[in-house]
Structures are given as structure tokens and as C-alpha cells.
Amino acid sequence: MYDKKETYKKLMTIVAPIALQYLMSSLVTASDAFMLGFLDQDSLSASSLAGQVAFVFSLFFNAFVFGLNVLAAQYWGKGDEKTANEVLSISMRFVLIVGFIFTLATATIPQTIMRIFTDELPLIEMGADYLRTVSLSYILTGFTQVYFGMMKVCDRAKLSSFIGSMAVVVNIILNALLIFGIWIFPEMGIEGAALATVIARIFETVCVIIAVIAKKCPVLNIKLMIYSSNKELLKDYWKYTLPLLINQLGWGGGVTMYSVIMGHLGTDATAANSIASIVRSIIASFCWGIAAGVGIIIGNMLGQNELEKAKKAGGSFVRFSIVTGIASGIVILLITPIVLKIITLEPQAQYYLKFMILMAAYYIIGNSLNSTVIGGIFPAGGDTKFGMICDVITLWAVVVPLGLIAAFILKLPVLVVAFILTLDEFVKIPAVYRHYMKYRWVKNITKENISLDEGV
């Protein structure tokens, strides 16, 4: 029988640590922006644009972690821990491959990468220094994020949150020490922010390894990570992960295009957009935590064949996401005066920032709903294709073309362009609602006897 109160209680036990982890990660970006803003606006803008590389990488590891969650959550709910652990090994393999590619690229061709985002030479040079220094962090982040995903699946969300939060604290402290040269530390500016990130990732990786050794989370099977002969499980993994990957790259590519468009509208637009994005990300942390928690809970229900219960829980979560989105928008409106006082930009950039933050207040309502449904409910039941189609069409057939036309053909004001680029979450809502009501996501996707023999 479906117990709404108990379901919400379980959701909060999962959401709270996950949301805290998202929040703490956002605070790192915020601290980078805040501290570098004290140096000069170019340092702030350069770090923001260079940070788009980390964002693009996050699209890859998020897809692989989401794929892990889809399968592992259902198998864990079913009680088949062995197969869930095999999914961990498969996910880790692909994340580390992609992480190595990003590490190699940022270490060897950072200037080439920066030219994608801006044609301002000072920003290219500073951004290249940042990327070169931060390069090692990508492969380390890939490793820890896959493990954090697995911890959430196996009821260790508090542990992943604790490790992630401690790494963030280390990162923020080192930011201050290395950017400004406090105490015995050298004054490194934007490179100091990058080095702080690398050291924090090393710390995080060591903590995860210690947790594995202490048997607080599943042990990674190195042999299965390198090569898995379980073709059926691998096929299932890619069946659900590939649409998620295309979805992430399509959506993330569109979001990155927002930064590219703003990056070519001048440093004032770039700086304002970076701060507005940070504010939005910080407040959206709880919304993203809900989406992740919803996916795990419904996945567990479906894995236990509690289909009707999962259906009712989905309705409760949809309503909750709308309320959360509205509350988040109100919070953004309330903190806007504080942000404008704390962050000091050039007058034109400050003017842009005021209105971009207001845009974030309504954007987050649609983002909360769509994150929960597209990113949580649908994938929980193996329905990963709809999100891919919906996001790719919305961004690349509607919003990005309109943004490019507005910015470079019609040459409309910066704020008009920014408004157009925030329409994507609301454009897709009718299609999302219609698909949700078909209930194609209500299904158990686990299989019997899929796990490898113990001796493998």
C-alpha cells in the first residue's frame, strides 16, 4: 500500500545529503567567482569560460552515473547486489576513459579550447593557464562521481555527501590561500583557483578509497572494469545510458552555446551571465537533489514490482517539484539585493546581472519540474529516450537558433538575448506532461540470472 507520508520521509532522507552535495559543489564555483572578482573582471570571466570544460565533462560522467542509477537502483531494490556492483564496474570503465581524454586535451591544447568560448585574447591566455593547471582533476572527478552515484544507490548517500562536502571545504580554503597568497602560500591568482581544485579532487579520491577499504561501499572489480564478458548486462547498460548521454550532450551543448553566445557579446555580458548562473545553480541544488532522490526511490519500487505504488509516488513527486520550484524562485528574488551588494562588477555588467538574476527566478520553476520528471521519474523506469528527444529538439531546433539570430543577425540587446536563452524549460513542459500521463515509465527492467558467475 502506498504511504505518502512515508514516501516523502524516505525522499527527504535521500534528498538532504544529495542536495547538500550539489550545494557544496556550487559553492566552489561561487567562491572562485567571488574571490577572482576581487582581482579583476577578466579573471572572473576567464575562469567562468574555462569552467565550461568541466561542465562539458560533467555531461559525460552524469550520463554514465545516471545509467548506473537506472540499472543499479532497480537491481539493488530487487536484492541483486552482485549485478548492481557489476554495473558499477561498467560505469567506471567508460568514465575513466572520457576523463583521461579531457585531462590530455586540457593539458596539451588549452588555448585552442579557450578560443571556442571567446575571441578576447586576455581571456584566452588566462583561461588556458587555468585549464593547464586543472587538467588532472577531470580523471579524478570521474572516479569519485561514479562512486558517489553508487553510494546513493546502496543507501550511503550521507557518506557521499560528507566526503563531497569535506572536499568542497578544502577547495574553498585553498582558493583563498592560493588566489591571494595568504600566509606561506604564493599569490597565484586564477592558477591558484585551478590548483585548489586539483588538490581538493585528490583529497576526495583518497577519502573514497579509504571508504572502500573500510567496506563502507562496494569494492570496484578491476577485472570487470577492464573487460566484462556479461554481454547482456553491457547491452542493457548502453540501452539506457546512450539516450541519457545524447540527452546530456544535447542539453549541455545547448547550455554551453549560451555561454559561447554571451562570451562573444563582451566581457560585461560574460561576467554577469557567470554570476547569474552561479546563483541559479546554488538555489537549484535542492531541486536537483529531489530529482536524484526521486529516481532512486521509484527505481527501487519498480525493481520490487510495486508498479502502482511507483505510479502514485510519481504524482506526489511531480506536485512537490512544482512547489519546490516556486519556493526556489522566491528565494532568488529575496537574495537578489544581497548578491548585487556583494558582487562588484563594472556598471554595465552590474546592470545586466540585476535582470539576469530576475530571469533565473522564473527559470528555476520549470527547471525543478523538468529535472524531477525527465531526470528522475522517466529514467527510473528505463524511459530514457523521451528526455533525449525533448531536450535536443527544444534546444537545437528552437532556443539556440533563436539566440544566435537575436545576438548576431538582429543584434538585439544583451538582456533580450538572455531572456530568449531562458525559455527552454517552459517550451518543453506541455510535451513532458503529455508523455508523463502515458505512464510508459512504470515498468520493471530487471532480468533474472543476469549476473556473472562468482568465479569471474
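Bear in mind these aren't lab numbers, they're just calculated from the coordinates by the rules spelled out. This is a predicted model, so every value here is computed, not measured. We place every Cβ from the backbone using ideal geometry, glycine too, and count neighbours over all the protein chains shown.
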Going 7 Å from the Cα of A107 toward and past its Cβ, which residues in the range 127-147 have a backbone nitrogen under 20 Å from where you end up?
127-145
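Ordered by packing density, taken as the mean number of other Cβ atoms within 10 Å over each peptide's residues, highest first, how do 118-129, 149-160 rank? Spell out each step's value before the answer.
Working: 118-129: 19.4, 149-160: 22.5.
Sorting 118-129, 149-160 by mean packing, highest first, produces 149-160, 118-129.
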Geometric extent, Cα atoms of the chain - Rg, Dmax (angstrom):
21.5, 67
Name the lysines eligible as straight-distance cross-link partners of K411: C-alpha to C-alpha under 23 Å, and not fewer than 8 places from it in the same chain.
K354
What are the aspartates and glutamates whose alpha-carbon lies under 18 Å from the alpha-carbon of K341, with same-chain residues fewer than 8 places away excluded?
D32, D40, D268
Distance between the C-alpha centers of the range 376-430 and the range 170-201? Whole Å please.
36 Å
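Greater than 27 Å separation of Cα atoms is the criterion. Which listed pairs, K223/K443; K4/K235; K78/K438, meet it? Please report the intermediate quantities before stating the final value.
Numbers: K223/K443 32 Å; K4/K235 35 Å; K78/K438 25 Å.
Pairs exceeding the cut-off: K223/K443; K4/K235.
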Rounded to the nearest Å, what's the spacing between the alpha carbon centres of the range 1-66 and the range 236-292? Just the number, please.
10 Å
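Given R₀ = 25 Å, what would the calculated FRET efficiency be for L404 paired with I338, taking r from the Cβ atoms and rounding to 0.05?
Details: r = 34 Å, r/R0 = 1.35.
Computed FRET efficiency for L404 and I338: 0.15.
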Whole-number D in µm² s⁻¹ for the range 283-361, Kirkwood Cα-pair radius fed into Stokes-Einstein, 25 °C, 0.890 mPa s:
165 µm²/s
